[in-house]
């Protein structure tokens, strides 16, 4: 019994870097979950991924000009992320091309530019850390960035929640009521970029999408309502962070993949046994239906 | 064709304020997208408290005209004048495809959205509104469905829910674009009954319809459209075999 408790809590009690890692990833997971749910509901699940690639050249430019300075890299990331989102949105509005296609085009260009810029400075271990995260080495600035970004995101989400839901449910309705649908959409993209940039120090620009999308995709198998899914996704993200860090500590594996894989394990489990349309549940229903149908046909005979 | 004389509509429509403003007045309105005109030269008025069936073959420009009145597309030429405030006093029910049916929202919340002109993005949802939602739900016969997710509703039930949302809007002018497109007879009759109710209370109602029988039975007035106005007036004078034949002919000519 004591062993279990020690296994669960001791790493965080004994080591400061583990506490920092936990604080950072919990803050990230809390705000990333609701954003992920909104992305899923808007059928933009792959958008997070695209945006994460899109912020790369900005981060690289920040790194090239100011070195490993968090503020410069974050600013660069935010600027390029928003630029890509805006240009892609503009193309889809002015031409018949749909937004997913224009987004794909822009983020790939952005990615190419990013890789080019990174290679200008040669291979650099620090930059690799930025791209893949240094959750076990969070300094005060990084911790402050992720916690404040997460607080801002949660507050803004709460304030515009109604508009976001309507914009996604029935864009025509919002437009008719002068609901500023485009403004709401842009605000959502700003929050998305903000969280991705804030998260790159914690999990890396590539893995941060995982803590956003995996809990969101999981929530659908447990909770029906949109609001409920958001809360659930936050909680799942926090659980995945906690157990991922424990796994990383005890099994001595890199932390950010461990967090993402924990979230992935929860996802697969939910697909199987989730009470809302999980595979086991669906099989049970199909079996019961066959039983009923055969009972009816026996009676007919 | 319209470009060369773009100025005309502006000159013609120096607004005369009349004593009895109609709900909607159309003055030589041309509507379309890019280079293709969908509706040409529509002039006329929807009087306050009138109830009009908007009839015409596919591609006649019915939805385009609705969108024009809603202000979603602006006329290429001509003017659309509204006797009421466009946002608070006009409610519209578009063809159902703009609604994401897989969105996990309850029927109650969907109907409550109808209070948007009063609540907006941020204002609170008071007890009054709650009572209104319940009332709207019971009027359309969905009182027991309040906590159902909209994805589990049938087509007819969803249409009833959208009617309830329209009811919440409490607008003077109601525009409905093919509200009975995928709805069975019984539901159509129920919903037509609701429309008649609203008409009796002095609302202005415009409905895009394909069912000529329903138009003849339930609507005092009709507007037959086929890229242009074929006839507009009392329903029995509009939906004559000759007019309908002409409308079909005009629309076919457009596409051949």
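Key figures
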quantity: Spacing of the two label points (7 Å from each Cα toward its C-beta) at residue A:151 and residue B:143, in nm; calculated: 4.9 nm
quantity: Rel. contact order, % - alpha carbon contacts under 8 angstrom, at least six apart, chain A; calculated: 25 percent
quantity: Percent antiparallel among DSSP beta bridges (both partners in chain B, rounded to 5); calculated: 50 percent
quantity: Residues in region B:169-206 reached by a label modelled at residue B:135 [backbone nitrogen below 12 Å; 7 Å Cα→Cβ]; calculated: B:169-170
quantity: Mean residue ellipticity (222 nm) of chain A, computed from DSSP H runs ≥ 4 via -39,500 (n - 2.57), nearest 500; calculated: -27500 deg cm²/dmol
quantity: Prolate/oblate/rounded label for region B:121-236 (Cα gyration tensor, a/c 1.5); calculated: prolate
quantity: Max mean-square fluctuation residue, GNM over chain A, Cα-Cα springs under 10 Å, options A:148, A:119, A:262; calculated: A:119
quantity: Distribution of pairwise C-alpha distances over region B:36-84, 5 Å bins, in %; calculated: 4, 17, 30, 28, 16, 4, 0
quantity: Separation between Cα centres of region B:215-229 and region A:163-191, rounded to whole Å; calculated: 34 Å
quantity: Percent breakdown of C-alpha pair distances by 10 Å bin, ordered from the shortest bin, for the protein assembly as shown; calculated: 3, 15, 21, 20, 17, 13, 7, 3, 0, 0
quantity: Candidates B:121, B:218, B:210, ranked by Gaussian network fluctuation over chain B, Cα under 10 Å, top entry; calculated: B:121
quantity: Tail fraction, Cα-Cα pairs, region B:190-236, threshold 11 Å, whole percent; calculated: 71 percent
quantity: Expected 222 nm ellipticity per residue - DSSP helices of 4 or more, -39500 (n - 2.57), all of chain B, to 500; calculated: -11000 deg cm²/dmol
quantity: Dimensionless Rg/Rh of region A:91-225 - Kirkwood Rh, Rg from C-alpha atoms; calculated: 1.02
quantity: Most mobile listed residue (A:211, A:260, A:13) in chain A, GNM with C-alpha springs under 10 Å; calculated: A:13
quantity: Inter-part distance where region A:12-83 and region B:60-125 are each reduced to a Cα centre, Å; calculated: 37 Å
quantity: Likely footprinting exposure, B:138, A:110, A:25, fewest C-beta neighbours within 10 Å first; calculated: B:138, A:110, A:25
quantity: Nearest 10 degrees, 0 to 90: helix B:241-255 Cα axis against chain B principal axis; calculated: 80 degrees
quantity: Residue A:295-residue A:268 pseudo-label distance in nm [points 7 Å out on the Cα-to-Cβ vector]; calculated: 3.7 nm
quantity: Region A:2-267 shape via C-alpha gyration tensor axes, a/c threshold 1.5; calculated: oblate
quantity: Cβ neighbours within 10 Å from other chains - mean over B:227-233; calculated: 0
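Taken together, the values in this text are just the output of simple stated rules run on the coordinates, not laboratory data. All of these numbers come straight from a predicted model, not from anything done at the bench. Heads up, the Cβs are rebuilt from the backbone with ideal geometry, glycines too, and the neighbour counts pull from every protein chain shown.
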